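The values are calculated or read from the model by the stated rules, or taken from the named source; none is laboratory data. What you see is a predicted model, and the numbers here were worked out from it, not measured in a lab. In this analysis, Cβ positions are derived from the backbone assuming ideal geometry, glycine residues included, and neighbour counts consider all displayed protein chains. Areas reflect the complete protein model, heavy atoms only, side chains present, ligands, DNA and RNA absent. Shrake-Rupley method; radii C 1.70, N 1.55, O 1.52, S 1.80 Å.
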Amino acid sequence: AGRTAGRMMGLMAHRPGEVLMLSGRQDFSAHRLRIQGFREGITQRFPHLQLGEVLAGEDNRQRIDRLLEEALRRNRDVVGIYNTGLGNTQVAQALARHRRESDVCWITHERYNTTRQQLARGSLALTLDQNTRQHAQLAIDLMLRHLESGYQPQTYADGKVDFILYSAENVD
């Protein structure tokens, strides 16, 4: 998912500049892997985009708001924001406060009311939905297999869950 987000950012950011990476909790491997994949996707294919430090929001709304405010005030050359976790409301508010909704490519995860609204408004370019229904079904299937036969998967990857890319054109 992170590599896909990186590729899409590289294709959608219309000018050279800095891309902010806003991460959720660092003790969750999903956030670390998303950032790693995003970083690889950008650095391997899109030299016109610079990646700064990861803004570690730690799923704390006040911290996210402060980090975004500082980053957008400090750097007028921000062309993209990639958010791996909580804080889409804060991203939308920060872009609106700085009047940057139309010139910053913002990519995030999950299709919620906030992301649907921001896609419809045009301030959010893309969301990668991790398909929570399919994740839940996989978890139940793995638990039942364990209870029935003692099966223990080596990794969660024993069941593949596809993600879906949503834009303003297919969010409904």
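In the context of the full set of protein chains, the chain has a per residue accessible area of 55 Å² (1.4 Å probe). Between the residues Asn75, Met8, Phe38, the greatest Cα displacement towards the positive end of the dipole of the chain, with unit charges on the Cβ of Lys, Arg, Asp and Glu, is found for Asn75.
Based on the alpha-carbon gyration tensor of the stretch 15-62 and its eigenvalue square roots a ≥ b ≥ c, which shape applies: rounded if a/c is under 1.5, prolate if not and a/b is larger than b/c, or oblate? Judged from the Cα gyration tensor, the stretch 15-62 comes out oblate (a/c at least 1.5, b/c at or above a/b). Relative contact order of the chain: 21 percent, from C-alpha pairs under 8 Å at least 6 residues apart in sequence. Between (i) 55, 40, 28; (ii) 54, 36, 30; (iii) 58, 33, 30, which entry matches Cα extents along the principal axes in Å as derived from the coordinates of this structure? Working out Cα extents along the principal axes in Å from the coordinates points to (iii). Here each label is just a point 7 Å from Cα along the line to Cβ, and for Ala96 and Asn75 those points are 2.5 nm apart. Converting phi to 3J(HN,Hα) with the Karplus coefficients 6.51, -1.76 and 1.60 and the offset θ = phi - 60°, the stretch 11-26 yields 7, 9, 6, 7, 8, x, x, 9, 10, 7, 10, 9, 10, x, 4, 6 Hz in sequence order, with x at every glycine or proline.
Rounded to the nearest 20 debye, the dipole magnitude of the chain is 440 debye, with +1 charges on Lys and Arg beta carbons, -1 on Asp and Glu beta carbons, and the Cα centre as origin. Helices in the chain, meaning DSSP H runs of at least 4 residues, each add -39500 (n - 2.57). Divided by all residues, the mean residue ellipticity at 222 nm is -14500 deg cm²/dmol. When the chain is treated as a GNM, springs tying every alpha-carbon pair under 10 Å, which of Gly41, Gly80, Gly150 comes out with the largest mean-square fluctuation? For the chain, modelled as a Gaussian network with Cα springs under 10 Å, the answer is Gly150. Between Leu11 and Ile164, the modelled labels are 1.9 nm apart [label points 7 Å from Cα along Cα→Cβ]. Taking the chain as a Gaussian network of alpha-carbon nodes connected by springs under 10 Å, the highest mean-square fluctuation of the residues Ala125, Ala136, Ala94 belongs to Ala136.
Could you tell me what percent of the DSSP beta bridges with both partners in the stretch 54-170 are antiparallel, to the nearest 5?
Details: 3 of 9 bridges.
The antiparallel proportion sits near 35 percent.
Taking Pro153, Pro47, Pro16 in turn, the Gaussian network model of the chain (Cα-Cα springs below 10 Å) assigns the largest fluctuation to Pro153. Solvent-accessible area of the chain (1.4 angstrom probe, protein heavy atoms only): carbon and sulfur portion equals 49 percent.
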